[in-house]
1. Determine the pairs where a residue that is farther than 14 Å from Glu85 by Cα, located within the range 297-321, has a partner that is within 13 Å of the ligand (Cβ to nearest atom) and among the hydroxyl-bearing types (Ser, Thr, Tyr) with Cβ atoms under 7 Å apart, the partner being 6 or more residues away or on another chain.
2. I'm trying to understand the selection: among the residues of the range 152-211, which are of a type in the set (A, V, I, L, M, F, W, C), within 11 Å of the ligand (Cβ to nearest atom), more than 19 Å from Glu228 (Cα to Cα) and open to solvent by 10 Å² or more (accessible area, probe 1.4 Å)?
3. If Thr109 passes every condition in (1) open to solvent by 10 Å² or more (accessible area, probe 1.4 Å); (2) within 16 Å of the ligand (Cβ to nearest atom); (3) among the polar types (S, T, N, Q) but one, which one does it miss?
4. If you check Leu381 against the conditions, is it out of contact with any Ser or Thr (no Cβ under 9 Å at 6 or more places or on another chain) and among the hydrophobic types (A, V, I, L, M, F, W, C)?
5. Going by what's in this entry, would Gly88 be described as in contact with a Ser or Thr (Cβ under 7 Å, 6 or more places away or on another chain) and touching a residue at least 60 places away in the same chain (Cβ under 8 Å)?
6. When you scan the range 287-326, how many residues do you find that are closer than 30 Å to Gly17 by Cα and more than 16 Å from the ligand (Cβ to nearest atom)?
7. Would you check which residues across the range 426-440 are outside any loop (DSSP other than H, G, I, E, B) and in contact (Cβ under 8 Å) with a residue 12 or more places away in the chain and list them?
8. With respect to Asp369, is the statement that it is at pLDDT 95 or above, touching a strand residue (DSSP E or B) at 6+ places or on another chain (Cβ under 9 Å) and among the acidic types (Asp, Glu) true?
Amino acid sequence: MSDLDSKLKAVNVGLLGIGTVGGGTFNVLDRNAQEIFRRTGRQIKITRVADRNIEAARALVNGKAEVTDDAFSIVNDPNIDVVIELIGGYTIAKELVLKAIANKKHVVTANKALIALHGNEIFAAAKANNVMVAFEAAVAGGIPIIKALREGLAANKIEWVAGIINGTTNFILTEMREKGLAFSDVLGEAQRLGYAEADPTFDVEGIDAAHKLTIMSAIAFGMPMKFEQAYTEGITKLQQVDIKYAEELGYRVKLLGISKRTDKGVELRVHPTLIPEKRLIANVNGAMNAVVVKGDAVGPTLYYGAGAGAEPTASSVVADVMDVTRLLDADTAHRMPYLAFQPDQVVDLPILPIDEIQSAYYLRLRATDKPGVLADVTKILGDRSISIDAMMQKEPAESETEADIVILTHITVEKNMNAAIAAIESLDAITGKVMRIRMEELNK
Ligand code: HSE
């Protein structure tokens with residue numbers, strides 16, 4: 001085939017999994033075929049589809065592609081140029097992706113768990129076989145955050161990334177705040193609306209967000225995927241009262257994925273976080289996602305949009321297929337490196353243990369309403385050089401003798417705060433555990 005023929009030849013795509021995102025991908029590619037061709041100069045056709053539910057798959061593709069329940073027949077098919085993996089999970093999906101790569105096919109995936117846990121191995125295999133692996137849809141659905149981090153912000157030294165990158169938990173927190181509901185009341189609703197992962201633990205315990213944060217930190221800082229070192233804390237222990245008190249103090253509580261480059265190492269953490277309500281990201285509500293990226297040259301930048309759903313996620317999948325299409329014939333040296341940095345420049349930066357991170361804090365304690373308690377608490381903080389930023393004491397209800405005390409602190413090292421909390425909890429006048437929520441200003 002001459003060079004020109006190979007440029008004109010349609011790109012044959014095999015689609016593995018035609019569920020929600022797969023269906024969206026098929027429809028977007030079909031509906032926007034003309035617009036996509038105008039951009040790429042080359043036709044992109046899903047010629048084969050694999051799905052366990054063969055009847056539903058046939059109904060969806062409506063005769064426009066061959067349907068099989070044997071995904072391996074697609075990754076082994078010499079006529080397929082690009083494989084889109086939308087099966088999810090990391091057992092069979094990993095096997096299929098590695099097989100496709102071994103067969104010199106380019107891969108586009110929305111599989112955040114697969115990339116966060118096995119990305120290092122997958123990229124090594126892809127490099128050895130000179131193929132591309134694209135994963136825009138793995139982070140924040142339809143928001144082109146991978147593209148922004150890898151290309152749009154390439155001139156910057158990225159200092160930190162912070163994002164609302166799980167729609168289910170953002171929906172739950174929004175409902176808790178707006179309707180005064182408890183966590184358990186809202187989870188079922190999120191599941192009914194179809195936001196939650198198959199296993200909702202991944203959402204509510206912050207694991208899904210940690211997958212996405214791992215991927216963003218790797219391409220922001222040029223380091224390998226380090227999911228197993230990410231600190232992950234979900235929203236299941238958050239109480240309505242904390243959301244209410246935070247609001248009274250001018251803050252919103254969001255489940256944030258935060259990754260910061262510091263002199264000592266990289267902070268990589270997912271946990272509920274107080275953010276000032278005046279920040280744009282504090283006003284991202286419902287199932288929407290948003291990511292703030294701070295670059296040394298550009299300052300803070302914000303990316304907002306749908307983090308899940310059929311066509312928003314398909315928007316990212318199809319854009320990746322288009323990128324791959326444009327670069328099919330390019331010299332491998334001219335392609336975007338998998339982790340945005342040249343492979344020999346990817347540095348194994350240390351991840352800081354959670355004890356070593358630096359944060360400001362919200363503390364809620366329950367104290368017997370008697371003289372000297374506040375003095376004891378503030379002395380404990382002062383002795384550890386923890387400076388108080390704001391404080392609020394709630395009058396006990398008529399039938400009660402204990403009051404809620406809420407304290408906001410300035411930044412300190414987490415192990416200092418742990419020691420202070422232990423000392424506060426050991427005071428006779430303090431009942432139960434101290435509730436601690438980390439707090440970020442997100443402005444510098
Ligand atoms: N369960 C995820 C969310 C879906 O709630 O954001 C997208 O990854």
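The values are calculated or read from the model by the stated rules, or taken from the named source; none is laboratory data. Here the structure is a predicted model, which means the values were calculated and not measured. Quick reminder, even Gly has a Cβ in these numbers, built from the backbone with ideal geometry, and neighbours come from all protein chains shown. The protein model used for the area step is the full one, side chains on, heavy atoms only, and it has no ligands, DNA or RNA in it. Shrake-Rupley method; radii C 1.70, N 1.55, O 1.52, S 1.80 Å.
1. Within 7 Å, the pairs are Ala308/Tyr195; Ala310/Thr20.
2. Phe171, Leu193, Ala196, Ala198
3. The single condition Thr109 does not satisfy is (1).
4. So Leu381 fails the test.
5. no
6. Qualifying residue count, the range 287-326: 8.
7. Ile430, Thr431, Gly432, Val434, Met435, Arg436, Ile437, Arg438, Met439 - these are the residues of the range 426-440 that are outside any loop (DSSP other than H, G, I, E, B) and in contact (Cβ under 8 Å) with a residue 12 or more places away in the chain.
8. It is false that Asp369 is at pLDDT 95 or above, touching a strand residue (DSSP E or B) at 6+ places or on another chain (Cβ under 9 Å) and among the acidic types (Asp, Glu).
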